[in-house]
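Just below is one structure, and these are the notes that go with it.
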Amino acid sequence: NGVALLSESGQYSTPSFTDGPLLWDHNRVNLRLHAPAVRSVAISDELPVARIPAMISVLDSHNRTLHRGYLLNVTDRRLLDALGTARPSDTTDAPTPTIPTSPAAPSSPAVPANPGRDEWASADQLDHIDAIIRDGGVGRYRTVGSFRMPRSRRVSPDAIPNFLTTLWSKELSITVAVITEGCMQFHRGSLDLVDPAPGALTAASAGATIAIALDSVADCWLVTTHGIHGSTSMLELYDAAGHCVALFTQLGPVGQDLVDEWQQLTASLVS
């Protein structure tokens, strides 16, 4: 998305879709997609002379790249199979496979297009995340901080490096996600390294690298939602155009003690 990058090595897990259950597989690349935003998957062959491996690109209707992966293991076809496509084996001139928009890839919004305070207050954590994925967070940004978004507080982007350093020192397992309109790539785990630099930040976690151009983070909000363990906060990073470029939260089944510690640490951002 031009501001945040999540780079991982490994096989793809089966992607999940907005308004469906969240699927996550440890040590795999995990995606959550909004089916109407995804038009096709483009596959390019390896270019040995340029040392470029085979590449898969998830494209939207304007041929913009929502996600890109380099296929270092030619046997990894989980993502292609899950999207209802197959790599041509006997020709390089085959048409780009199209992702079907069928009931198997649900896409009807769980939160109304223009939700009010009551809808946001009753929406669970995954509803909030799916609302961000659908349009890249632009619609949500217009309401966050307003009377329609309860329990939302602005955080200074300058606080992010120290916050992640604290997470690293405490070895607290978190979920980090990078988002483009129609696609979220997310990773769960504790941070092994946090390397802040002027205007930038790099962090590592179990084979994943997260890079954020802090100079391009224009706004940051802490929003408390309803997770499976009760109140769960999401730290959302936005660029100048109102796109949510990255978020940090707790997703999925984790120990209650970890959730409580996460809530305490995020609360300190606005205290």
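The values are calculated or read from the model by the stated rules, or taken from the named source; none is laboratory data. Worth saying up front: this structure is predicted, and the values here are computed from it rather than measured. Every residue, glycine as well, gets a Cβ built from its backbone with ideal geometry; the counts of neighbours run over all protein chains shown. We work out accessible area using only protein heavy atoms, side chains counted, and drop any ligands, DNA or RNA first. Shrake-Rupley method; radii C 1.70, N 1.55, O 1.52, S 1.80 Å.
Surface composition of segment 124-271: carbon plus sulfur atoms contribute 53% of the solvent-accessible area (1.4 Å probe, protein chains only, all chains present).
Relative protection proxy for 61-68, 228-235, 187-194, from highest mean packing down: 228-235, 187-194, 61-68 (other beta-carbon atoms within 10 angstrom). Using a probe of 1.4 angstrom and keeping all protein chains present, the accessible surface of segment 162-271 works out to 37 square angstrom per residue. Residues whose amide H falls under 5 Å from that of Val245, counting only those 5 or more places apart or on a different chain, are Leu237, Tyr238, Asp239, with hydrogens built in the peptide plane. Here the relative contact order of segment 215-271, from alpha carbon pairs under 8 Å that lie six or more residues apart, stands at 28 percent. Stretching the chain fully between Ser44 and Ala206 yields a gain of 55.5 nm (0.36 nm per residue, less the alpha carbon separation).
Close amide-amide hydrogen proximity is noted between Val3 and no other residue 5 or more places distant or on a separate chain, at a cut-off under 5 Å (H modeled in the peptide plane; Pro and chain starts excluded). If one computes the Cα centroid of segment 251-267 and of segment 167-192, what distance in Å separates the two points? Measuring centre to centre over Cα atoms gives 14 Å. 3J(HN,Hα) along segment 177-183, derived from phi through the Karplus expression 6.51 cos²θ - 1.76 cosθ + 1.60 where θ = phi - 60°, amounts to 9, 10, 10, 10, 4, x, 8 Hz, with x in place of Gly and Pro.
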